[in-house]
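Asks: Starting off with a structure, shown below.
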Amino acid sequence: MERKLFTALQGEEATALNDMLSKQGFRRSQNVLYRPSCTECAACMSARIRVADFAPTRSQRRVLKRNAHLRRRATSPWATEDQFDLFRRYLDARHADGGMADMDMFEFAAMVEETPVRSRLIEYTDTIRGDGLPVAACLTDILDDGLSMVYSFFEPELERHSPGSFLILDHIAVARELGLPYVYLGYWVPGSPKMGYKANFAALEIFRDGSWRDIGDPHDHDAALHPLSTAPIAEQVARITLPNGARVLR
């Protein structure tokens, strides 16, 4: 059964809470921070890249070359119709049966704009096409120790150019420019075809059993799919640290 730990993200401590809990495997969705806590497996593991130790593979260098005509443009988290049209094309092509498949413009605007922390909507335009319209985008939070890629989407026709990998590579470049040590990628699941590409990045860490560790051989984490792999919910909650060293009260 799917289950999550979550907390509201609001008030003066929102930024500090987002920073702290992101380091403990939580992710932001609008005004909520959450972390999977399923009863029968621990497969959803937060992943991040150590920027200083990252070096692109030959394949990733080709990805950068194939997408060299894309230009980055960081904007405020304010939804536009062009972004929504791109988002809809992406969902219809890749996630037509997913939980976000029926999102309308108002729900998209809420996803982008309802943020109590420092966020940006990073657009990518095609200099060859030259029309200034976004062909890829990523909603990104700026943490005290890195960039968190909240949600990314792109033109389906660009899939052969590996735009998902390009967005990660470009965020690594931005983090390096800003002196930030990590890029948070969201969740990685052993054996998941849609998330498998994340394991191709060097210096990748996953959050498992309360700490960050090198991913190593991805197949070594298949045990996380076992029903007995997950810690009791009370133990998971007891491990959570809040800003100023506070602990969760139970």
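Asks: Determine the shape class of the stretch 46-218: with a ≥ b ≥ c the square roots of the Cα gyration tensor eigenvalues, call it rounded for a/c under 1.5, and otherwise prolate if a/b is greater than b/c, oblate otherwise. Provide the component values of the computation, followed by the final result.
Replies: Values: a/c = 1.43, a/b = 1.31, b/c = 1.09.
Cα axes put the stretch 46-218 in the rounded bin.
Asks: Here is a further query. State the antiparallel share, in %, of DSSP beta bridges confined to the chain, rounding to the nearest 5. Don't skip to the answer; put the middle values down first.
Replies: Values: 42 of 45 bridges.
Once the DSSP bridges in the chain are tallied, antiparallel ones form about 95 percent.
Asks: With springs connecting C-alpha atoms under 10 Å apart, model the chain as a Gaussian network and identify which of 85, 217, 144 has the largest mean-square fluctuation.
Replies: 217
Asks: Hey, if you put +1 on the Cβ of every Lys and Arg and -1 on every Asp and Glu Cβ in the chain, which of 99, 67, 136 ends up farthest toward the positive end of that dipole?
Replies: 67
Asks: Beta carbons within 10 angstrom, averaged per residue: use that to sort the peptides 99-105, 16-22, highest first. Could the numbers behind the result be given before it?
Replies: Values: 99-105: 11.6, 16-22: 21.3.
My ranking of the peptides, most packed first, is 16-22, 99-105.
Asks: Okay, moving on. Using Cα atoms only, what is the angle between the long axis of helix 81-94 and the major principal axis of the chain, expressed in degrees (0 to 90) to the nearest 10?
Replies: 70 degrees
Asks: Treat the count of other C-beta atoms within 10 Å as a stand-in for reagent exposure and order 78, 188, 212 from fewest to most.
Replies: Values: 78 10, 188 23, 212 17.
Result, fewest neighbours first: 78, 212, 188.
Asks: Now for a different question. Which order results if 187, 182, 197 are arranged by neighbouring Cβ count within 10 Å, fewest first? Working shown, then result.
Replies: Numbers: 187 18, 182 22, 197 15.
Fewest to most other Cβ atoms nearby, the residues stand as 197, 187, 182.
Asks: Quick check for me: using +1 on Lys/Arg Cβ and -1 on Asp/Glu Cβ, what's the dipole size of the chain about its Cα centre, in debye to the nearest 20?
Replies: Working: 31 positive and 34 negative charges, 159 e Å.
In debye, rounded to 20, the chain gives about 760.
Asks: Just from its helices, what would the mean residue ellipticity at 222 nm be for the chain, if runs of 4 or more DSSP H residues each count -39500 (n - 2.57) and the sum is divided by every residue, rounded to the nearest 500 deg cm²/dmol?
Replies: -7500 deg cm²/dmol
Asks: If you rank 4, 198, 23, 65 by fewest surrounding Cβ atoms within 10 Å, what's the result? Intermediate results must be reported in sequence, preceding the final value.
Replies: Working: 4 14, 198 22, 23 19, 65 10.
So the residues, fewest neighbours to most, are 65, 4, 23, 198.
Asks: Moving to a separate point now. With +1 on each Lys and Arg Cβ and -1 on each Asp and Glu Cβ, how big is the dipole of the stretch 102-150 about its Cα centre, in debye rounded to the nearest 20?
Replies: On the way: 3 positive and 11 negative charges, 50 e Å.
Computed charge dipole of the stretch 102-150: roughly 240 debye.
Asks: What lysines sit close enough to residue 23 to cross-link, taking a C-alpha to C-alpha distance under 24 Å and skipping anything fewer than 8 places away on the same chain?
Replies: Answer for residue 23, where 24 Å is the Cα cut-off: 4, 194, 198, listed by chain and number.
Asks: Then there is this: In nm, to one decimal, how far is the residue 8 label point from the residue 72 one, both placed 7 Å along Cα→Cβ?
Replies: 3.5 nm
Throughout, read-outs are computed from the coordinates displayed, never taken from laboratory work. Fair warning: this is a prediction, and the values are worked out from it, not measured in the lab. When we count neighbours, we look across all protein chains shown, and the Cβ atoms used for this are built from the backbone with ideal geometry, even at glycine.
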